[in-house]
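All of the numbers you see were taken from the coordinates with simple rules; none came from a lab. Just so it is clear, the model here is predicted, and its values are computed rather than measured. Quick reminder, even Gly has a Cβ in these numbers, built from the backbone with ideal geometry, and neighbours come from all protein chains shown.
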Amino acid sequence: MINVVETPVAGAQAARLRGPARQAYERFLDDLSHGGCASLGYRVTGPEPLPRLCVKHLRGTDRVIVAFPSPDTAFVLLVGTHEDDPGRNLYDALYELAGVRPRLNERRTKPPCCSDGTPPTADEDLVDDLVARARALAKSRRRP
C-alpha cells in the first residue's frame with residue numbers, strides 16, 4: 001500500500017473537479033494507493049527536476065502530477081488541465097513551480113513512470129521545495 005499525500009494546492013485544485021472528472025480523480029487516488037507508480041502514465045521530460053515527476057491523464061484534458069520522495073510515498077503536486085491557455089495550463093504551473101522550462105527544440109519523449117516497478121524518486125527536500133513553491137504560487141494568485 002502506497003501512502004498518498006495531496007499537497008494543499010492539489011487538494012484545492014481537486015476540490016474544484018465535478019461529476020465525471022471528480023470520479024476519475026477519486027479512482028486515480030485509489031489506483032495510486034494500490035498500484036504506486038504503475039498507475040501513472042509517464043515521466044515529464046526536460047531539465048531537472050522534471051524527469052523525477054510523473055503524469056497521469058485522468059479524463060479529457062485533466063492531468064495530475066505526482067512526485068515520489070520514496071517508493072512507498074506519493075505526493076500529488078498538481079491537478080489541472082492541459083490546454084492552450086497559458087494562464088490555465090497545468091504544465092506552465094509545473095514549470096513555474098520547478099523553476100525550469102524545457103527548451104522549445106527539445107524532443108518530448110514520454111518515458112514510463114516506473115522502471116521495473118520503481119518510481120523515479122524525488123528526494124524529500126525537492127518535494128518540500130515544490131510544495132512550498134506551490135503554496136506561494138497559490139497565495140500570489142489569490143491576491144487582487
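At a glance:
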read-out: Exclusive hit being surrounded by 13 or more Cβ atoms within 10 Å (Cβ to Cβ) and either closer than 26 Å to residue 17 by Cα or free of Cβ contacts under 8 Å to residues at least 24 places away in the same chain (or both), set 136, 38; value: 38
read-out: For residue 37: the one exception among (1) within 18 Å of residue 5 (Cα to Cα); (2) in a strand (DSSP E or B); value: (2)
read-out: Test: residue in the stretch 74-97 that is farther than 24 Å from residue 128 by Cα and polar (S, T, N, Q); value: no
read-out: Options 43, 59: the member that is among the charged types (D, E, K, R), buried (at least 16 other Cβ atoms within 10 Å of the Cβ) and touching a residue at least 40 places away in the same chain (Cβ under 8 Å); value: 43
read-out: Matching residues, the stretch 122-132, being buried (at least 16 other Cβ atoms within 10 Å of the Cβ) and in contact (Cβ under 8 Å) with a residue 24 or more places away in the chain; value: 122, 126, 127, 130, 131
read-out: Test: residue in the stretch 6-18 that is within 14 Å of residue 114 (Cα to Cα) and either in a helix (DSSP H, G or I) or among the small types (Gly, Ala, Ser) (or both); value: no
read-out: Top-ranked residue of the stretch 51-73 - restricted to ones that are assigned to a strand (DSSP E or B) and of a type in the set (D, E, K, R), ranked as farthest from residue 22 (Cα to Cα); value: 56
read-out: Candidates 67, 15, 21, filtered to the one that is among the hydrophobic types (A, V, I, L, M, F, W, C) and without any contact (Cβ under 8 Å) to a residue 12 or more places away in the chain; value: 15
